[in-house]
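This report refers to the structure that appears directly beneath it.
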Amino acid sequence: MAAAFEFLLDDEHRMIRDAVREFAQNEIAPVAAHYDETGEFPMPIIRKMGEMGLMGIEIPEEYGGSGLDTLSYVLAMEEVAKADVATSTIMSVNNSLYGYAILRYGTEEQKEKYLVPVASGQAIGAYALTEPQSGSDAANMKTRAVLSEDGQYYLINGRKSWITSGPVADYFILFAMTDPEKGHRGVTAFIVEGDTPGLIRGKVEPKLGIRASATCELFFEDMKVPVENVLGEPGMGFKIAMSVLDVGRIGIAAQALGVAVAALEASVDWARQREAFGHKIGEFQGIQWKIADMKTRIEAARGLIYNAAMAKERAKETGERFTLEASMAKLFASETAMFCTHQAVQIHGGMGYSKELPVERYFRDAKITEIYEGTSEIQRLVIARQVLGLRGSC
Ligand code: CAA
């Protein structure tokens, strides 16, 4: 089925999309139901994706990545998510929330030590911002980092929740309050090694969807992190967290697009073969209108995603923010994913509710895209503040 906005892609983009599609359909889609059912972390797939250069797509080759542009990243993300959303979540955090954070804010030493292994897919990175009492209100964190008297290290105490890849990550970007009186300006970002004494991983969270993407709580008990592991400057942490989320949200939008497309393709196949009242159900207007609405929303989402990807690409030269573009893409694409997977279950009828077909998994997996990396309500708030020129917009 032809996609819109093809004119924005060059031959290299098409080549990358085709290669990732082939890999994802041959190697990921056939085992997605297994990983969903068992909740196992798909390590063999992640390792292969690393070898293919998918764990650091936009990271320059000198730091272990593939050195491609943002459009290539969203094309690859769509294809992986179309095969399995959980796998694409692991890919997304590695590439953006972890990889981009170190690429943009890390020192040369930090990039050598902490970016190269993750971007090349030999190690897994995670991003620890959320706490039990601070999800949407991210600045309200309680995790505390106190500088030692000799100025050599920070002593960190607190906890983080809902950490994607938390159970298996080798490295974390951790946000902690170093100066609570300054509010969000008192947050500092740290790079933490997974085997640091005092870092305790909680149990793997049982979830509705993306079950193979392992998620857990983290506890910090007198954990010492050397000062050279501060990312950026002390007090810069909240801006780092927010600017990195701008990047992450473009990837989540592409992930949402992938699962929406998977739901549409399954629905079209079904509508062409399933018969009722002596006709293929695709001949009925009730089904046709669902298909039409799915396709239209998908291509509108694609437009917003490519627009955000290109804004991020331009930002490499101009340094301008692409907060508005990223939030619009994430909002619209995630709501499109929910709409399309909901319609897909309905079109499939009883079979849409069965684990024999993947559409019930698409439906469960799609929901998270409206929640993580900022809920739809937070995206609306960000978009409105940008349009109105209010707080946080500049
Ligand atoms: N880029 C750079 N700076 C930014 C920024 C951005 N996108 N957004 C805000 N800032 C800056 C502002 O300019 C402001 O700077 P000053 O100190 O100079 O004033 C500062 O940050 C504070 O901004 P706000 O006043 O807007 O902050 P706020 O407290 O009102 O919060 C918010 C804004 C949009 C609600 C924000 O808290 C938010 O995005 N919340 C959602 C958090 C979220 O997405 N969590 C997801 C967790 S990660 C996850 O899900 C990952 C996973 O596992 C897959």
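The values are calculated or read from the model by the stated rules, or taken from the named source; none is laboratory data. These figures come from a predicted structure and were not determined experimentally. Here Cβ is always computed from backbone atoms with ideal geometry, including for glycine, and neighbour counts include all displayed protein chains. Accessible surface areas use protein heavy atoms only, side chains included; no ligands, DNA or RNA. Shrake-Rupley method; radii C 1.70, N 1.55, O 1.52, S 1.80 Å.
Quick rundown of the values:
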quantity	calculated
Accessible area of Glu12 in the full protein assembly, 1.4 Å probe (Å², nearest 10)	100 Å²
Degrees separating the helix 11-23 axis from the principal Cα axis of the chain, which is the longest one	80 degrees
Estimated inter-spin distance, His279 and Thr107, nm [label 7 Å along Cα→Cβ]	7.0 nm
Proximal lysine pairs, the range 98-251, alpha carbons under 20 Å, eight or more residues apart or interchain	11
Span per principal axis, largest first, for the Cα atoms of the chain (Å)	81, 43, 38
Whole-percent carbon and sulfur share, accessible surface of the chain, 1.4 Å	54 percent
Val31 accessible area, assembled protein chains, probe 1.4 Å, Å²	50 Å²
Residue-by-residue Karplus 3J(HN,Hα) for the range 244-256, coefficients 6.51, -1.76, 1.60, Hz, glycine and proline x	5, 5, 4, 6, x, 5, 5, x, 5, 4, 5, 5, 4
Normalised contact order of the range 139-196, rounded percent, pairs of Cα under 8 Å and 6 or more residues apart	33 percent
Relative contact order (percent, whole number), the chain, Cα cutoff 8 Å, 6+ residue spacing	16 percent
3J(HN,Hα) from dihedral phi, the range 164-172, Karplus parametrisation 6.51/-1.76/1.60, rounded to Hz, x for glycine, proline	4, 6, x, x, 10, 5, 8, 9, 10
Rounded FRET efficiency, nearest 0.05, which uses the C-beta distance separating Gln288 from Asp137 and R0 of 30 Å	0.10
Amide H contacts under 5 Å for Glu131, placed H, 5+ residues apart	Ser161
Per-residue HN-Hα couplings for the range 212-227 [Karplus 6.51, -1.76, 1.60; θ = phi - 60°; Hz; x = Gly/Pro]	7, 8, 5, 10, 8, 8, 10, 10, 10, 10, 6, 7, 9, 10, x, 4
Probe 1.4 Å - accessible area at Cys394, Å² to nearest ten	140 Å²
Anchor Lys280: aspartates and glutamates whose Cα lies under 20 Å away (excluding residues fewer than 8 positions away in-chain)	Glu265, Asp269, Asp293
Solvent-accessible area per residue for the chain (1.4 angstrom probe, square angstrom)	43 Å²
Contour excess over end-to-end distance, with Cα ends at Gln122 and Arg391 and 0.36 nm allotted per residue	92.8 nm
Helix-only [θ]222 nm of the chain, DSSP H runs n ≥ 4, -39500 (n - 2.57) each, per residue, nearest 500	-15000 deg cm²/dmol
Anchor Lys312: aspartates and glutamates whose Cα lies under 15 Å away (excluding residues fewer than 8 positions away in-chain)	Glu58, Asp69, Asp246, Glu320, Glu325
Val146 paired with Asp195, simple spin-label distance in nm, labels 7 Å along Cα-to-beta-carbon	2.9 nm
Heavy-atom accessible area ranking, 1.4 Å probe, most first, across Glu78, Glu22	Glu22, Glu78
